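Scroll down for the structure; my scribbles are underneath it.
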């Protein structure tokens, strides 16, 4: 399998605070990797650095063999690196269809077109397809504000996938979603991912979800990767149990068990 | 190219106005010309508002357009109105392309204040230009239109026709622009810049293009005002004038390309009547009207003409 | 050398006046996120109230300086607090939660209304309450003279600045206000009566504006329109310093004051640009003003 | 908001808009009544110029208009009405800048159907209105604006008149007064509001000084912003230059504020102030200007009005109504109304005189006014020639008066036709007649 993402010595400091320290990770094409860790362990910082939102203090990042450090989200998206957000980043006051149409026009490099409407028949068709796949097609003409959290998460991920990425980073795709919905949501997402053959790295607190969908885990604590390996091996690790999962593979998390 | 309903209505209204103008008293024609010119500048404010930016300095471009007409006629000997308007657009575009590099870095109140600062700097330069009449300004030369010289009493109507044609062209363009990729990208930036970047769209570039276009549109408004009123002066760049444009933009709302025109006309009529009926309290009347609009029609007058679900709440 | 002294003295006198004018604006913005365009009208209201009260006092044959000062203080505080209360309770309260820019336009409407209200109440004839200013006397530095009234304004400005700092940093209410500034929703959830705090803040901000007008009244001829003239000035100072920061307003006032004095003494032709030039320059290098902080989006 | 409300509002708004356009259209078609003469009076009712200029002017005009309609003016204006017609005025606020004024002017002429327009304090407004008046062929009198460009830029005026002097006269007169009363002064400074009026005034004054007092040195000029109010820094800057004379064209509240501050700071003890519009503060300074401060009133207006029947009547009537003597803007407004009455009464028209008849009558006319006899001699009979007055402020026992008043005939302070004013001064006042 070919390597798609590699970080070496990646670190980030906020003043005296260390948010990420010496992260060395290599991910191969087609892998589905789970990222676990307590709050503040550096997971989101890691994603933010990889996707260009936060400049790293030290270290290097390579995507598809070429260095990408210093590139912003826009360039990285063009290279095939997309992400979703813990808090869905959507255009709340615009209809769902337009949220997708804008993404599609950007994917076509036609974001500066002034005369042609953004809602071309082709784009509407493509949007309808992904809405259907994500199972949120009934919100098509609603404002995003009318959507519940789970649907927003799906829309957020759908937008990320419209850029035809090769790798997708999902930041807590199930946070804020009720227990019952989580599996449906993840099933929908993972099905879409599989169809597109994407490499996925996702942050998740729920160990059952992690176990169910990933083949490999990165365990974060205090800004460092304390364990990297196959699911069973990582979850069995004493240090991971102590610092991340707790004894019963459960996180001391705010959502609890609905 | 197939025309959609809004476009047909816009063309229809323009033709109707052009016909009615032949039978209207001169003052109404003049007021209408000024209202249309004002609406063009307001259109620029609306373009920026759709991208989440509020300019308290759109008077800068209004004034540049006006002075281009004044100076072009006086020092370059240009008399053709279209060439003068074009000159304004060129000058304004150049200035906006330079300022835009800086302005697109700012948001919210800082954008508002910085745009105000640049407008006031132009005001200051013009006030200091004793040769251009300082605050008194100067008269615009008699102009022609494509070789036609408007005779006595025809100038007002000719100005209206020119304003109508230009405004119609701009309105048709903007109607499409607002629904285009870049138009929606502007709204997307207002909503969420982070997502826009993650979509692979440069928000700076989108804002930049939008800013320059808004400036050019504002310049046309300034040029038309100068051609109609026959006089330019630095007040055009003073911040209260820019404030008036924002006032009208909010009055109309950003929902539709026709909103600024309706708002500008209502604003002009309200002000004219207020000045006439209560010469000592017209500002108060304007203020109260504005408050009522904000209170009862938070999306502007245009929301009366739409029935979007939940839009009024 | 004389010019250097003159620049320093004039710069700081003007700066303290600017700070008085801008302080209320920045307090209201800091807590309430409202850029109050009607602040200039409150300044004018204070000036009119003080000038007409002083006029009445001197028409009665009064000649006590301290009573005159008491009259300025009482009339400005009364009119500032009352109009602040009316504007906040009667209007702004209905509009909370609207967009920042829309709030600005709302206060612009208030400005338009107040301009005419003042004209209806006080007419258009200038009010001229020169007595306290003249009575304070002056002292000389070579040919240069300094009005002792100006020094008093400077002292008042320092007192108000320190008072605001103490209020926000050292009192219980200041703590609550800072929590509101930091996160309105959270403090609301913790049981803070945000609305009451808003009323108090707006009244204090409005009163500060009125006081600035009140102490300026004896220096100038109070005419319609003086409010509009100070708004942009106050805005420029506050934006230069960083919106919502008291320290910022003070530093902004000093920078603008000194820059302006330097220009008037050395290049009077540039005076018209100087404030905008200072503001634009600061914003180019510090996009949120000297003491302003960028708010990051949560993702 | 319920759904009914917007629909109701929409309907109301639409009908209001339609109705108003309809009414306005009708109003445009309707003719004015035959037994009244309608005049538009444009003056500042809001903003900084309203208090010292705009409102007193409106009051002065109102008093004269009322007296005209009652027939209580002294001779030769003792007939009732103008040309037998009731005089009705429509007052419009001059605030808002030239573009808005052009719009209001058109409204006055075409919607309100006025028969004449009198107004304009701001020079910018005058310059913008001039060509429009000519285009619309409407008899128009500028009563106060002072720009010398008005008739320089208006080729062959037919309908535009000015019954006041231009600012050149103010400043040439000021220089003459200095040359006569303070011939030894060497260090001259100035402070002007930073806009056209201030710049023009200072330019004309310094040019005239070069001619009349070549020994004197112009050492500094401060240009504070209009309506700035506090002039502490400018006063310091002037003090460090140690002037003997300070020329200022500031007006209204700004002028009063400056005098108050400069006096309290001792600047006016170090130097004499010459205030070209100082007359409007004569009864307001309350001793806050030192005795000997030189005041001008833009001609024979306000306290400079010569004693004649008209001026005595006006002074009394104004004081009875408003409690203070009329200041110069009030007199100038009164003069413009009198000019209108003169033109109407002598037009020989039946009923409402046309603009052509009014213009033909006023052109080159000589008519009695509150300021003495006004000769419309310049700009081909469209611009008044009047003497310029300066005097010194004197305050004693609560009474203010003017002393050492000197007058300069019109030919002494105004450029003859065919001369650009600045050129005229630079060439050493060719054709000047000061006797």
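Given the criteria surrounded by 23 or more Cβ atoms within 10 Å (Cβ to Cβ), over 16 Å from residue D:140 (Cα atoms) and assigned by TED's automatic domain parsing to the domain that holds residue D:348, does residue D:50 qualify? So residue D:50 fits the description; yes. Examine segment D:120-138 for a residue that is under 18 Å from residue D:342 (Cβ atoms), surrounded by 23 or more Cβ atoms within 10 Å (Cβ to Cβ) and more than 12 Å from chain B (Cβ to nearest Cβ), and state whether such a residue exists. No, there is no match, as no residue in segment D:120-138 is under 18 Å from residue D:342 (Cβ atoms), surrounded by 23 or more Cβ atoms within 10 Å (Cβ to Cβ) and more than 12 Å from chain B (Cβ to nearest Cβ). For segment B:69-112, a tally of residues being part of a helix (DSSP H, G or I) and within 30 Å of residue C:284 (Cα to Cα) returns 22.
A single entry from B:36, B:121 fulfils the requirement of being within 13 Å of chain C (Cβ to nearest Cβ) and either touching a helix residue (DSSP H, G or I) at 6+ places or on another chain (Cβ under 7 Å) or without any contact (Cβ under 8 Å) to a residue 24 or more places away in the chain (or both): B:121. Scanning segment C:123-141 for residues that are over 21 Å from the mean Cα position of the chain (by Cα), facing chain D (nearest Cβ under 8 Å) and assigned to a helix (DSSP H, G or I) turns up just one, C:134. Being surrounded by fewer than 24 Cβ atoms within 10 Å (Cβ to Cβ), in contact with a helix residue (DSSP H, G or I) (Cβ under 8 Å, 6 or more places away or on another chain), in a helix (DSSP H, G or I) and not assigned by TED's automatic domain parsing to the domain that holds residue D:416 holds for only one residue in D:312, D:321, D:316, and it is D:321. Is it the case, given these coordinates, that residue A:189 is over 24 Å from residue A:51 (Cα atoms) and surrounded by 21 or more Cβ atoms within 10 Å (Cβ to Cβ)? So residue A:189 does not fit the description; no.
Residue by residue, here is whether (1) over 16 Å from the mean Cα position of the chain (by Cα); (2) modelled with pLDDT of 90 or more; (3) outside any loop (DSSP other than H, G, I, E, B); (4) over 27 Å from residue A:44 (Cα atoms) holds:
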| site | (1), (2), (3), (4) |
| --- | --- |
| A:82 | no, yes, yes, no |
| A:100 | yes, yes, yes, no |
| A:113 | yes, no, no, yes |
| A:141 | yes, yes, no, yes |
| A:152 | no, yes, yes, no |
| A:156 | no, yes, yes, no |
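Only residues that are away from chain D (no Cβ under 14 Å) and over 12 Å from residue B:55 (Cα atoms) were counted across segment B:219-247, and they come to 2. Highlighted here are the helices (runs of 4 or more DSSP H) found entirely within segment C:184-299 that include at least 2 residues which are surrounded by 23 or more Cβ atoms within 10 Å (Cβ to Cβ) and in contact with a helix residue (DSSP H, G or I) (Cβ under 9 Å, 6 or more places away or on another chain): C:194-216, C:226-241, C:246-266, C:271-285. So which helices (runs of 4 or more DSSP H) are wholly in segment B:135-204 and hold at least 2 residues that are closer than 23 Å to residue B:101 by Cβ and within 14 Å of chain A (Cβ to nearest Cβ)? So the answer is B:181-191, B:193-198.
Can you spot a residue in segment B:248-268 that is within 11 Å of chain D (Cβ to nearest Cβ), surrounded by fewer than 24 Cβ atoms within 10 Å (Cβ to Cβ) and under 30 Å from residue B:74 (Cβ atoms)? The answer is yes, given that some residue of segment B:248-268 is within 11 Å of chain D (Cβ to nearest Cβ), surrounded by fewer than 24 Cβ atoms within 10 Å (Cβ to Cβ) and under 30 Å from residue B:74 (Cβ atoms).
So that you can scan it fast, the table gives a plain yes or no per residue for (1) surrounded by fewer than 24 Cβ atoms within 10 Å (Cβ to Cβ); (2) touching a strand residue (DSSP E or B) at 6+ places or on another chain (Cβ under 7 Å); (3) more than 7 Å from chain C (Cβ to nearest Cβ):
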site	(1), (2), (3)
D:230	yes, no, no
D:236	no, yes, no
D:239	no, yes, no
D:244	yes, yes, yes
D:254	no, no, yes
D:263	yes, no, yes
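Residues considered: C:68, C:49. Of these, the only one that is within 30 Å of residue C:131 (Cβ to Cβ), crowded, with 17+ Cβ neighbours inside 10 Å, in contact with a helix residue (DSSP H, G or I) (Cβ under 9 Å, 6 or more places away or on another chain) and at pLDDT 95 or above is C:49. Would you be able to tell me the number of residues in segment D:408-431 that are surrounded by fewer than 19 Cβ atoms within 10 Å (Cβ to Cβ) and not in a helix (DSSP H, G or I)? Of the residues in that region, 10 qualify. Scanning segment D:83-118 for residues that are under 20 Å from residue B:133 (Cβ atoms) and away from chain B (no Cβ under 12 Å) returns no hits. Restricting attention to segment C:81-103, the residues that are in contact (Cβ under 8 Å) with a residue 12 or more places away in the chain and either farther than 13 Å from residue C:38 by Cβ or within 14 Å of chain B (Cβ to nearest Cβ) (or both) add up to 10.
Only residues that are more than 24 Å from residue B:247 (Cα to Cα) and buried (at least 24 other Cβ atoms within 10 Å of the Cβ) were counted in segment B:94-126, giving 0. Remark: residue D:349 falls outside the filter, which requires a residue to be touching a helix residue (DSSP H, G or I) at 6+ places or on another chain (Cβ under 7 Å) and modelled with pLDDT of 90 or more.
Of the residues making up segment D:342-363, none is in contact (Cβ under 8 Å) with a residue 24 or more places away in the chain, under 27 Å from residue D:278 (Cα atoms) and in the same structural domain as residue D:137 (by TED's automatic domain parsing). Going through (1) under 17 Å from residue B:214 (Cβ atoms); (2) at pLDDT 90 or above one by one, residue B:252 falls short only on (2). Determine whether residue A:79 is within 12 Å of chain B (Cβ to nearest Cβ) and within 29 Å of residue A:154 (Cα to Cα). In short, yes. Restrict the check to segment D:352-360 and report whether at least one residue is closer than 18 Å to residue D:133 by Cβ, more than 20 Å from the chain's Cα centre (by Cα) and surrounded by fewer than 16 Cβ atoms within 10 Å (Cβ to Cβ). Within segment D:352-360, one or more residues are closer than 18 Å to residue D:133 by Cβ, more than 20 Å from the chain's Cα centre (by Cα) and surrounded by fewer than 16 Cβ atoms within 10 Å (Cβ to Cβ).
Looking only at residues that are buried (at least 23 other Cβ atoms within 10 Å of the Cβ) and free of Cβ contacts under 8 Å to residues at least 60 places away in the same chain in segment A:43-55, which one is nearest to the other protein chains (Cβ to nearest Cβ)? In this case the residue turns out to be A:52.
The values are calculated or read from the model by the stated rules, or taken from the named source; none is laboratory data. Just so it is clear, the structure is predicted and the values come from calculations on it, not from any experiment. Backbone-built Cβ (ideal geometry, glycine too); neighbour counts: all protein chains shown.
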